[in-house]
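Working notes, beginning with the structure itself.
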Amino acid sequence: MIALGCKQGSEEWHFARLGIPTASQFSRILTPAKREYAKGAETYMHELLAEWLTGIPFGSESSGFMERGIDQEAKAVEYYEFERNVTVSRVGVCLRDDKLVGCSPDFLEGDDSGGEVKVPSAKNHIANLLNGTEDHFAQVQGNMWIAERKKWNLISYHSTLPKLIVPITRDDAYLLALDKAMTRFLGELAAARQRLLDLGAVPAKGLDAAFRSGLAMKPGAENPF
């Protein structure tokens, strides 16, 4: 696992994730319930290819609600630290050793745990309180897979409502299926990139493996991946 210290939401953070599958979208590669290769995998692949060619994160338009979530996330982490009497570490991006897959944990805790923070609207937070957080299963399991952790905590945070901390353990059977699905997805992604290159497409610059490793390469540098 390669951990990058860039701030989430920063330019460096966006470029470290650009064009590669990340945990928040793993359910579009392997369905959490039936554990089958997802029908939406091709659409997701097209989004990643668009990032690779344009250098622009897909769906990167900001909104007031997104900005509110970023502001509240730090408070949610502070709440977790106080409730559990622990100190966590923040990390921008975690990459698999081959730098082809990544995730963005909201924090890491000790040597075998981490956490994902959700700052939903009041309506959706109430749904989490009453119904649980299964919608985030693939993302949380993917975080544990990439960050090499055994446990995770999912925090649903709202400033004026009861908070929710859900402990989650690693599901190795799901992750074995995810690993196989990811191998297929990455193979198809590589083949699609080559087809686009053969058609004369030119990838955006500054997206190579060295940059993902936290080296000095910046957007606009040579050697696109």
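Rule-based calculations on the coordinates, nothing more; no lab input. Just so it is clear, the model here is predicted, and its values are computed rather than measured. As a convention, Cβ positions derive from the backbone with ideal geometry for all residues, glycine included, and neighbour counts pool all protein chains shown.
Relative to the longest principal Cα axis of the chain, at what angle does helix 41-54 sit, 0 to 90 degrees, rounded to 10?
Around 70 degrees separate the two axes.
Compute the angle between helix 172-198 and the longest alpha-carbon principal axis of the chain, please, reported from 0 to 90 degrees and rounded to the nearest 10.
30
Starting from 0 in steps of 10 Å, tell me what percent of the Cα-Cα pairs of the chain lands in each bin.
Percent of pairs per bin, in order: 8, 31, 37, 19, 4, 0.
Report, in listed order, any pair from 34/99; 7/99; 75/123; 123/151 with a Cα-Cα distance greater than 23 Å. Intermediate results must be reported in sequence, preceding the final value.
Details: 34/99 28 Å; 7/99 18 Å; 75/123 20 Å; 123/151 28 Å.
Distance filter (> 23 Å) returns 34/99; 123/151.
Please compute the net charge surrounding residue 169, taking Lys and Arg as +1 and Asp and Glu as -1 over other residues with Cβ under 13 Å from its Cβ. Don't skip to the answer; put the middle values down first.
Details: positive: 149, 150, 151, 170; negative: 112, 171, 172.
That works out to +1.
Tell me whether region 81-155 comes out rounded, prolate or oblate; compute the Cα gyration tensor, take square roots of the eigenvalues as a ≥ b ≥ c, and use a/c under 1.5 as the rounded threshold.
Values: a/c = 2.21, a/b = 1.42, b/c = 1.55.
The shape class here is oblate.
Pulled fully out, how much extra length does the chain show between residue 56 and residue 71, if you take 0.36 nm times their separation in residues and subtract their Cα-Cα distance? Mind dumping the intermediate values first?
Values: separation 15, 0.36 × 15 = 5.40 nm, distance 2.34 nm.
That pair, residue 56 and residue 71, stretches by 3.1 nm at full extension.
Using Cβ contacts closer than 10 Å as the measure, can you line up 90, 149, 170, 195 from fewest to most?
So the residues, fewest neighbours to most, are 195, 90, 170, 149.
Report the local net charge at residue 184: Lys and Arg +1, Asp and Glu -1, summed over other residues whose C-beta lies under 14 Å from its C-beta.
On the way: positive: 28, 35, 39, 180; negative: 36, 42, 179, 188.
After counting each charged neighbour, the total is 0.
Under 20 Å from a label point 7 Å along Cα→Cβ of residue 87: give me every residue in region 112-128 with its amide N that close.
Residues 112-115 qualify, since their backbone N sits under 20 Å from the label point.
Springs between alpha-carbon pairs under 10 angstrom, Gaussian network model over the chain: which of 141, 72, 194 fluctuates most?
With Cα springs under 10 Å in the chain, the top fluctuation among 141, 72, 194 is at 194.
Would you mind telling me the antiparallel percentage of the DSSP bridges in the chain, rounded to 5? Mind dumping the intermediate values first?
Numbers: 16 of 21 bridges.
Expressed as a percentage, antiparallel bridges in the chain total about 75.
If you take the beta carbon distance between residue 183 and residue 24 as r and set R0 to 22 Å, what does 1/(1 + (r/R0)^6) give as a FRET efficiency, to the nearest 0.05?
Values: r = 20 Å, r/R0 = 0.89.
For residue 183 and residue 24, the calculated efficiency is 0.65.
Provide the FRET efficiency to the nearest 0.05 for the residue 148-residue 201 pair, computing r from the beta carbons and using R0 = 35 Å. Display every interim value, and only then the final one.
Numbers: r = 35 Å, r/R0 = 0.99.
It comes out at approximately 0.50.
Sorted from fewest to most neighbouring beta carbons within 10 Å, what does the list 171, 106 look like? Don't jump to the answer; show the numbers that get you there.
Values: 171 16, 106 22.
Result, fewest neighbours first: 171, 106.
What size of dipole, in debye to the nearest 20, comes out for region 2-212 about its Cα centre when the only charges are +1 on Lys and Arg C-beta atoms and -1 on Asp and Glu C-beta atoms?
Details: 25 positive and 29 negative charges, 63 e Å.
Value, rounded to 20: 300 debye.
Could you give the angle, 0 to 90 degrees to the nearest 10, between helix 122-131's Cα long axis and the longest principal axis of the Cα atoms of the chain?
Once rounded, the angle reads 80 degrees.
Which ordering of 174, 37 is given by a fewest-first count of other beta-carbon atoms within 10 Å?
37, 174
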